[in-house]
Amino acid sequence: MTYFIAFGIIFLLAVIVLQIGKLSELATKIRGEEVVERSNNDTQGKALLVFMVVFLVACVASAVHYKNQMLGYGPLTSASAHGFELDHLFNVTLFFTGIVFIITHIALFWYSYKYRSLGNKKALFFAHDTKLEMIWTVVPAVVMTYLVANGLIVWNNIFPTLTSEDKYLEIEATGYQFAWDMRYPGADGKLGNKDFRLIDPASNTLGIDWKDEASADDIVLGGADKIILPKDSTIKVRITAKDVLHSFFLPHFRVKMDAVPGIPTSFIFTPVLTTREFREQLSKFPEWQLPSDPEDPNGPKKWETFEYELACAELCGKGHYSMRRIVEVVSKEEFDTWMAGQKPFYAVNVRGTDKDPWDGKKLFPYEIKARGFELRSTVARFVDDTTGTLSNIVNLDHIFYLTGSSNLNSSISTYEMDNLVTLMGRFPKLRVELAGHTDNVGDAAANLQLSMDRATKVKEYLISKGVSPDRMTAKGYGQVQPLESNDTPEGRKKNRRTELRIISK
Ligand SMILES: [Cu+2]
């Protein structure tokens with residue numbers, strides 16, 4: 001309805017303008033053409049002068065009004081180290097172009113007014129003025145040279161070259177229609193290799209090469225997760241794209257770089273304000289005290305709901321807008337805690353599947369470390385326990401045997417047993433029983449013997465590594481103590497196991 005009324009008003013206004021035009025045409029005929037033309041020139045010249053004043057005042061007023069919502073000023077200072085330099089460059093450029101803007105607009109409208117034709121002046125023939133030409137050539141040339149030189153210096157500063165000695169966190173952003181996949185290097189600090197031929201839409205959208213051991217602990221954050229970054233750490237983002245051009249844009253960090261399929265680009269920056277600190281900075285300005293949802297005046301304020309964001313700055317298709325991601329900057333300690341809680345993509349999605357080049361039989365250094373830590377802390381909890389409620393049994397679920405044999409199957413078993421050796425050294429008073437169990441497949445008596453042989457195998461390994469035989473016994477329980485039902489393959493797999501039973505601590 002509003003649109004209909006607005007359309008009606010515009011239509012009627014058009015009719016009025018048309019009628020006025022017709023009237024002035026008639027007036028011209030009555031009063032004589034020249035007289036009317038001069039009076040029109042006079043009106044137009046004065047109107048242009050009024051327009052100039054209103055326009056320039058509006059420009060300045062809007063700049064003042066919105067100053068606290070512009071990047072690089074007041075609350076929205078740079079959240080990254082290099083951004084301040086960039087903002088300075090921007091402000092210097094704005095200063096010079098602002099002067100030119102005001103001077104040219106004043107000149108444009110002032111001369112239109114001053115030389116409006118009133119019939120009493122003749123145009124001046126003005127061929128040439130060397131001094132004037134020198135001024136309008138030299139002054140812009142000097143200013144431009146200054147701006148360009150400044151720009152080159154800043155460009156060089158914000159694109160440093162990192163050497164292997166520099167400490168930095170290298171992460172990877174892959175843009176595609178229409179999201180970003182982020183990859184973090186995991187505990188080893190290295191991103192694994194990629195090969196586009198390994199891309200599989202179901203199991204490996206980035207084409208990560210699992211044969212590269214550096215890939216094993218890589219963490220992949222899908223489209224909806226927050227991107228977490230540590231404060232005061234140098235971050236190098238490796239930027240790529242899978243389909244069309246995208247652009248990796250972090251406006252609050254003054255980071256922007258094209259993501260080009262086939263040509264990796266990168267950007268190095270250092271966040272200097274956590275999300276919390278940036279919100280505090282915003283909270284000091286009245287514009288950010290308004291409710292973030294205008295419908296809910298008592299709800300959270302704008303500064304409270306502020307988030308850094310990643311956007312795509314290349315119009316890449318109809319879902320372009322949905323490439324927005326929230327970025328959160330936290331302290332280094334919080335970042336490390338967050339990182340420790342992330343599950344490597346390989347461990348969750350690849351290990352043991354038909355895409356796993358290691359056939360599920362490889363533990364990576366970070367996992368061996370983590371497993372050793374897990375074993376030791378479980379035992380430490382038991383040793384320190386005074387309530388007597390904790391179980392004395394630890395399942396050694398990383399020890400595998402060949403089917404029907406006491407021979408060990410994978411190198412993972414060796415790592416698990418090496419961790420046991422460390423454990424026995426760490427807790428010198430510990431006396432343990434190594435308990436073997438089987439599933440119910442086959443003959444019970446044979447299973448009892450097999451479980452005994454398996455437990456003995458582990459004991460012998462520990463003895464060979466220097467653990468005293470007096471501290472360990474090996475015992476086979478056969479198939480009589482299943483953990484789960486033997487009716488399913490998963491259940492049977494769980495029942496075939498070796499346990500560490502703590503006898504005294
Ligand atoms: Cu895009």
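The values are calculated or read from the model by the stated rules, or taken from the named source; none is laboratory data. Quick caveat: nothing in here was measured; it's all calculated off a predicted structure. Glycine gets a Cβ as well: all are built from the backbone with ideal geometry, and neighbour counts include every protein chain shown.
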Lone unmet requirement of (1) within 16 Å of the ligand (Cβ to nearest atom); (2) among the charged types (D, E, K, R); (3) in contact with a Pro (Cβ under 8 Å, 6 or more places away or on another chain) for residue 232: (1)
Selection within region 236-261 - surrounded by fewer than 20 Cβ atoms within 10 Å (Cβ to Cβ), within 27 Å of residue 317 (Cβ to Cβ) and either more than 16 Å from the ligand (Cβ to nearest atom) or among the hydroxyl-bearing types (Ser, Thr, Tyr) (or both): 238
Within region 142-165, considering residues that are β-branched (Val, Ile, Thr) and assigned to a helix (DSSP H, G or I), the one surrounded by the most Cβ atoms within 10 Å (Cβ to Cβ): 158
Hits in region 397-420 (condition: within 16 Å of residue 373 (Cβ to Cβ), over 38 Å from the mean Cα position of the chain (by Cα) and touching a residue at least 60 places away in the same chain (Cβ under 8 Å)): 420
The one condition in (1) touching a residue at least 60 places away in the same chain (Cβ under 8 Å); (2) within 16 Å of the ligand (Cβ to nearest atom); (3) among the acidic types (Asp, Glu) that residue 166 fails to fulfil: (2)
Which listed residue is away from the ligand (no atom under 16 Å from the Cβ) and modelled with pLDDT of 90 or more, from 314, 295, 277, 309: 277
Any hit, region 190-202, residues being more than 17 Å from the chain's Cα centre (by Cα) and either part of a strand (DSSP E or B) or not assigned by TED's automatic domain parsing to the domain that holds residue 341 (or both): yes
Unmet criterion (only one of (1) among the hydroxyl-bearing types (Ser, Thr, Tyr); (2) part of a loop (DSSP other than H, G, I, E, B); (3) crowded, with 19+ Cβ neighbours inside 10 Å) for residue 403: (3)
